[in-house]
Amino acid sequence: QTSLQEKQFMHKIKAEEKIEPKDWMPEKYRKNLIRQISQHAHSEVIGMQPEGNFLTRAPSLRRKAILLSKIQDEAGHGLYLYSAAETLGISRDEMIEALQSGRAKYASIFNYPALTWADMGAIGWLVDGAAIVNQVSLQRTSYGPYARGMIRICKEESFHQRQGYDIMLTLVNGSPEQKAMAQDSLNRFYWPALMMFGPHDSESAHSAKSMEWKIKRETNDDLRQKFIDQTASQIEFLGLEHPDKELKWNEERGHYDSGEIDWDEFHNVIAGNGHCNRQRLEHHIKAHEEGAWVREALVAYNAKKQAKQTE
Ligand code: 3HC
């Protein structure tokens with residue numbers, strides 16, 4: 001039996017009013033948001049690792065500077081998102097513990113190894129490209145702090161995608177070996193990028209509620225289709241072979257029909273058995289421990305500052 005509060009809550013959702021931290025919300029709405037926003041933040045932070053591996057191997061100072069600023073952006077995106085999640089009543093320490101214990105998820109794509117410089121191109125172009133399709137839609141999410149964080153993040157993401165595509169364009173116009181490196185990277189990152197949109201709507205545990213509460217504004221399959229359609233012409237422009245041999249334009253639908261994703265691989269990777277799952281968490285734990293003195297120093301400094309102010 002729906003309470004008056006729930007009726008008022010759903011009225012606001014239907015009226016496209018943002019839900020703010022101090023507003024009443026169903027406990028399941030809060031829990032769903034803590035789950036999604038904290039995992040989104042974990043994805044941004046873990047996503048820094050594959051690209052971090054190429055900072056010392058960038059082919060020019062210019063590429064190095066661009067990659068460095070992109071990685072710094074990802075850290076900032078993680079910060080906005082952890083802060084948005086904290087407004088729902090979970091602490092940073094609880095979220096970090098959930099990540100490091102393996103209980104919380106992060107985007108499976110970051111468990112694939114970055115093997116060549118072309119991967120920096122494919123990641124910017126495809127992974128950030130997929131993230132943009134998802135995050136542009138999330139700008140209209142019903143929870144205020146999350147929507148506002150998305151608007152800021154989307155402003156920076158388009159630069160991430162463009163610099164990745166620019167790397168791919170340089171490679172395909174380079175030597176045959178460089179073009180082959182770009183093709184190999186596309187082949188390794190295309191399908192995992194499609195997995196970023198989640199399972200099919202029919203398999204999605206959260207989509208029904210997330211759509212009803214307008215946490216999600218478009219479904220996993222609709223966003224994935226948008227990405228498939230936009231990427232097909234970009235692959236053609238690069239003069240590369242499309243990794244999906246069954247891709248075919250469907251005039252009636254006005255979209256591309258595509259081959260099936262390997263869902264065993266998807267479930268395997270999110271269950272923790274991807275190429276780099278262990279390495280990504282070990283790296284995060286090591287960096288977190290090495291950085292503990294900075295956090296402690298900040299806490300001590302702020303305590304001293306406050307003590308002085310109250311003297
Ligand atoms: N990797 C890891 N886990 C995934 C996943 C993926 N690609 N796709 C789905 N899952 C998980 C879900 O988290 C859920 O597990 P949980 O209940 O333990 O959280 C389960 O699989 C079932 O999936 P659902 O579709 O039911 O889950 P959602 O409704 O949450 O949809 C989602 C999944 C589309 C990823 C949604 O959570 C979402 O839109 N999240 C925000 C965007 C995001 O997290 N993007 C990650 C990439 S960020 C990034 O790439 C940074 C860029 O700047 C580089």
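In segment 34-51, the residues that are without any contact (Cβ under 8 Å) to a residue 60 or more places away in the chain and charged (D, E, K, R) reach residues that are part of a helix (DSSP H, G or I) and near the ligand (Cβ under 8 Å from one of its atoms) with C-beta atoms within less than 8 angstrom, at least six apart or across chains, in these pairs: E44/E74; E44/H77. Number of residues in segment 129-153 that are within 12 Å of the chain's Cα centre (by Cα) and at pLDDT below 95 equals 0. Scanning segment 249-266 for residues that are of a type outside the set (S, T, Y) and within 21 Å of M195 (Cβ to Cβ) turns up H255, D257, G259, E260, I261, D262, W263, D264, E265, F266. The set of residues from segment 126-145 being within 7 Å of the ligand (Cβ to nearest atom) and free of Cβ contacts under 8 Å to residues at least 24 places away in the same chain comprises just one member, Q135. Taken together, the residues in segment 92-128 that are more than 30 Å from T56 (Cβ to Cβ) and either open to solvent by 50 Å² or more (accessible area, probe 1.4 Å) or at pLDDT below 95 (or both) amount to 5. With the checklist (1) within 13 Å of the ligand (Cβ to nearest atom); (2) closer than 17 Å to L81 by Cβ in hand, flag the one item Q163 doesn't pass. Of everything listed in (1) within 13 Å of the ligand (Cβ to nearest atom); (2) closer than 17 Å to L81 by Cβ, Q163 misses just condition (2). Report yes if some residue within segment 185-202 is away from the ligand (no atom under 12 Å from the Cβ) and either open to solvent by 10 Å² or more (accessible area, probe 1.4 Å) or touching a strand residue (DSSP E or B) at 6+ places or on another chain (Cβ under 7 Å) (or both); otherwise report no. Yes, segment 185-202 contains a residue that is away from the ligand (no atom under 12 Å from the Cβ) and either open to solvent by 10 Å² or more (accessible area, probe 1.4 Å) or touching a strand residue (DSSP E or B) at 6+ places or on another chain (Cβ under 7 Å) (or both). One residue stands out in segment 209-223 among those that are more than 9 Å from the ligand (Cβ to nearest atom) and farther than 17 Å from S142 by Cα: the one that is most open to solvent (accessible area, probe 1.4 Å), namely D222. Where helices (runs of 4 or more DSSP H) fall wholly inside segment 1-91, the ranges with 3 or more residues that are hydrophobic (A, V, I, L, M, F, W, C) and open to solvent by 70 Å² or more (accessible area, probe 1.4 Å) are 61-86.
The values are calculated or read from the model by the stated rules, or taken from the named source; none is laboratory data. For clarity, every value in this text was computed on a predicted model and none was experimentally measured. Every residue, glycine among them, receives a Cβ derived from its backbone with ideal geometry; neighbour counts consider all protein chains shown. Note: accessible area is taken over every heavy atom of the protein model, side chains too, but ligands, DNA and RNA are not part of it. Shrake-Rupley method; radii C 1.70, N 1.55, O 1.52, S 1.80 Å.
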